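The values are calculated or read from the model by the stated rules, or taken from the named source; none is laboratory data. Quick caveat, the model's predicted, so the values are computed rather than measured. FYI the Cβ positions are ideal-geometry reconstructions off the backbone, even for glycines, and counts take in every protein chain you see. These area figures cover heavy atoms from the full protein model, side chains too; ligands, DNA and RNA do not enter into them. Shrake-Rupley method; radii C 1.70, N 1.55, O 1.52, S 1.80 Å.
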Amino acid sequence: MTLVKDSPPAARGTRSAASATGRRPGRRRENLAGYLFMSPWIAGFLLLTAGPMAASLYFAFTDYNLFNTPKWVGFDNFTQMFDDPRWQRSVEVTAKYVVIGTPLKLLLALGVAMLLAQSRRGQAFYRAAFYAPSLIGASVSVGFVWRSLFSDGAIVDRTQTFFGWHVGGWVGNADWVLYCLVALTVWQFGAPMVIFLAGLKQVPRELYEAAEMDGAGPLRRFWNITLPMISPVLFFNVLLETIHSFQIFGSAYVVSNATCGPADATLVYTCYLYQQGFQNARMGFAAAMAWMLLLAVALVTAVLFWSQKKWVHYEEDAR
């Protein structure tokens with residue numbers, strides 16, 4: 001029998017150091033390969049996102065018209081913004097659009113999702129048909145079609161006249177043109193509908209069966225089972241659609257024929273930002289407006305995340 005003596009501690013330490021040294025070049029090569037594959041995204045983020053954001057933050061404190069050298073003016077753009085009646089009007093129009101359009105869109109999306117969650121013939125066709133407007137709704141061509149539908153003497157005007165409702169075309173009516181934009185965003189309910197549908201599919205059927213045995217009606221089952229179970233999905237849709245509504249521009253610009261009117265009735269925030277930045281060449285003022293919009297969206301997002309503790313129920317909370 002041959003006895004194998006343990007190596008001295010110094011020898012073991014030498015081998016460990018050598019093996020660690022041998023692994024380091026391999027790790028460095030792996031890290032280098034990872035950064036190499038990430039480099040297109042990193043370059044795109046720095047050049048197309050982080051860089052323009054930093055530049056716009058600087059321009060927000062300058063007097064800049066795209067042609068001359070920016071002149072530092074401090075907080076003058078922000079003080080002028082708060083004193084500008086048209087800026088105040090844009091905030092009012094945008095807030096009205098968000099408050100009316102977002103809940104209506106989500107209600108319609110949830111209602112249709114509950115109908116499509118039931119097994120029926122042609123279910124795949126109906127899902128695709130209801131989702132299609134979300135794919136094409138943001139295009140400029142749809143904006144032109146929408147404007148023609150709601151113009152004077154168009155099909156909407158003739159239909160409401162047939163039923164004795166004499167309003168005229170919504171596009172030329174300052175009291176109704178914003179609701180034309182609301183109707184357009186509600187028509188694009190397909191994306192939140194699909195998310196609601198996925199959430200409804202995750203609700204256990206045993207809960208509904210137990211509620212029916214206890215004598216709970218459809219409204220009570222919806223309020224006590226459906227809403228709590230899909231509350232995380234509902235929160236996600238509320239957050240996503242609220243942020244999206246703050247960013248409305250294309251539909252308002254096209255429907256109003258690039259005027260954001262009549263009488264500033266469709267002067268949403270981004271439309272006024274575009275006018276100041278590219279029509280009036282007040283890029284510094286427009287940059288300040290953009291950062292104010294970012295702060296407003298961040299504040300609304302923070303409020304939504306704070307409120308979710310009171311009405312959003314996760315599975316982890318029930319354990």
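Would a scan of the range 213-232 turn up a residue that is in contact with a His (Cβ under 9 Å, 6 or more places away or on another chain), in contact (Cβ under 8 Å) with a residue 60 or more places away in the chain, of a type in the set (A, V, I, L, M) and surrounded by 16 or more Cβ atoms within 10 Å (Cβ to Cβ)? Checked the range 213-232: at least one residue is in contact with a His (Cβ under 9 Å, 6 or more places away or on another chain), in contact (Cβ under 8 Å) with a residue 60 or more places away in the chain, of a type in the set (A, V, I, L, M) and surrounded by 16 or more Cβ atoms within 10 Å (Cβ to Cβ). Residues in the range 150-178 that are surrounded by fewer than 18 Cβ atoms within 10 Å (Cβ to Cβ) and not in a loop (DSSP other than H, G, I, E, B) were compared, and the one that is farthest from the chain's Cα centre (by Cα) is Phe162.
Of the helices (runs of 4 or more DSSP H) that lie entirely inside the range 263-319, those containing 2 or more residues that are open to solvent by less than 50 Å² (accessible area, probe 1.4 Å) and farther than 20 Å from Ala55 by Cα span 269-274, 283-311. Looking at Val140, is it of a type outside the set (Lys, Arg), within 23 Å of the chain's Cα centre (by Cα) and within 30 Å of Ser231 (Cα to Cα)? Against the criterion (of a type outside the set (Lys, Arg), within 23 Å of the chain's Cα centre (by Cα) and within 30 Å of Ser231 (Cα to Cα)), Val140 does not qualify.
For the range 240-262, filtering for residues that are of a type in the set (A, V, I, L, M, F, W, C), open to solvent by 30 Å² or more (accessible area, probe 1.4 Å) and not in a loop (DSSP other than H, G, I, E, B) leaves 3. Scan the range 104-117 for residues that are open to solvent by 60 Å² or more (accessible area, probe 1.4 Å) and either without any contact (Cβ under 8 Å) to a residue 60 or more places away in the chain or closer than 14 Å to Leu184 by Cα (or both) and jot them down. Listed by number, the residues that qualify are Leu104, Leu107, Leu108, Leu115.
The sole residue among Arg120, Arg147 that is surrounded by 15 or more Cβ atoms within 10 Å (Cβ to Cβ) and of a type outside the set (Phe, Trp, Tyr) is Arg147. Kindly indicate the residue of the range 65-94 that is more than 28 Å from Ser251 (Cα to Cα) and hydroxyl-bearing (Ser, Thr, Tyr) and also surrounded by the fewest Cβ atoms within 10 Å (Cβ to Cβ) among those meeting that condition. Top of the filtered list is Thr69.
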